[in-house]
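Okay, structure first, notes after.
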Amino acid sequence: MSGVKQSKITFFSTTAELRSLSKSDWYSQDKVQLTTDKDFELISKFSFYKDHPVFVATSTKCFLKFLNFFFEKVMGSELFCRFHKTSPVFIDLTSEITPRYLDVLRDIFPTIISTNRDHLMTLKQDEMMTVLNKPMSTRSIRALGIQVFEDLGILKIVRGNFSTLIVKMDSLSVNGQGLLPDFDDIEIIDFGNAIRFGAYESSMRGLLYENDRQYRLERKKQRFGNERSFGACLRRFRLQKKLNQTDFYNVSEKTIRRIEGGEIPKTVTKNKILAELGLAEDDLLTY
């Protein structure tokens, strides 16, 4: 091996971990490079992915060997300037690297995602990698991590495109079931599509719509272009009939919210909704 190939995501793992990772549902040979510490003995050149290359550490030894190589061959060179312009991302899945080397890592990676940094709660590993293998347009509406700043009254959400979303905690009001969010029990769920605050759930689409002006503008354009969609017609029918998203017995509020937000429903879900409303699809699409 003359060097580590250019990849969207590069893992630094042990040989045993490599075997396990290669069997993961999210693994894609054309997007993911699995690297062990032995590979660095033969490195002569390192190519960097053109936009947001992601470096994931599951092995401390392997990643530190990469850092040694990086400081010897890349830092201070013209290659580093090109590397830094790609806005590289470091995801630490170990329990050692970020707490010990944070000041050094900051000089290399503009974005660092680690459960050992600033009480950041992250998406589960397999779900995170599944999200990162999706197109950027899909990733941008998913959550990878969340931090609570109770003294400031805000939540900071790291999105799948590595931008951040600031949400005021008091903007999460009582939901349709009369529940309030519990900020002491937070979990990112459903492949980053939603965040659970105790028994209270909030979709990322909803959080983005309320807190991101650019997202609202994009959604407005989409509505004009797809105003006859199933979700748009369902919402108009529901509002006209004074129905709540929680009034469907066979379909969850979360599913109704997503469909009305633009998600295309599965046939079985669509049929459940139509049966409950007592409508044929052609009739619903007249609203």
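The values are calculated or read from the model by the stated rules, or taken from the named source; none is laboratory data. Just so you know, these numbers come straight off a predicted model, no measurement behind them. Here the Cβ positions follow ideal geometry from the backbone for every residue, glycine too, while neighbour counts run over all protein chains shown. In case anyone asks, the SASA skips ligands and DNA or RNA and just uses the protein heavy atoms, side chains included. Shrake-Rupley method; radii C 1.70, N 1.55, O 1.52, S 1.80 Å.
Helix-only arithmetic for the chain: the sum of -39500 (n - 2.57) across DSSP H runs with n ≥ 4, divided by the residue total, places the mean residue ellipticity at 222 nm at -10500 deg cm²/dmol. Among Leu180, Leu207, Leu277, the residue with the largest mean-square fluctuation in a Gaussian network model of the chain, with springs joining Cα atoms closer than 10 Å, is Leu277. Restriction of the GluC sites (Glu not before Pro) in the range 82-178 to DSSP coil positions whose beta-carbon has at most 10 other beta-carbons within 10 angstrom yields Glu150. Which residue, Asn211, Asn161, Asn250, has the most motion in a Gaussian network model of the chain that connects Cα atoms within less than 10 Å? Maximum among the listed residues: Asn250. For the range 176-186, the Karplus equation 6.51 cos²θ - 1.76 cosθ + 1.60, evaluated at θ = phi - 60°, returns couplings of x, 8, x, 9, 10, x, 9, 7, 8, 9, 10 Hz by residue, with Gly and Pro reported as x. What percent does the relative contact order of the range 97-197 come to when contacts are Cα pairs within less than 8 Å and at least six residues apart? Relative contact order comes out at 23 percent. Under conditions of 37 °C and 0.692 mPa s, the range 160-287 yields 206 µm² s⁻¹ as its translational diffusion coefficient, taking Rh as the Kirkwood radius over Cα pairs in the Stokes-Einstein equation. Here the simple spin-label model places points 7 Å from the Cα toward Cβ, and for Arg19 and Arg236 these points are separated by 5.9 nm.
Between the exposed loop cleavage positions of the chain, defined as trypsin sites (Lys or Arg not before Pro) in a non-H, G, I, E, B DSSP state with at most 13 neighbouring beta-carbon atoms within 10 angstrom, the longest gap is 125-227. Neighbours of Gly198, meaning other residues whose beta-carbon lies under 14 angstrom from its beta-carbon, give a summed charge of -4 when Lys and Arg score +1 and Asp and Glu score -1. Start at zero, step by 10 Å, and the Cα-Cα distances of the range 106-239 spread as 11, 38, 35, 13, 2, 0 percent across the bins. Overall, the anisotropy analysis places the range 74-143 in the oblate class: the square-rooted eigenvalues a ≥ b ≥ c of its C-alpha gyration tensor yield a/c not less than 1.5, with a/b not exceeding b/c. Solvent exposure of the chain amounts to 54 Å² per residue of accessible area, where only protein heavy atoms count and the probe is 1.4 Å.
Average projection, convex hull of the Cα set of the chain: 17.6 square nanometres.
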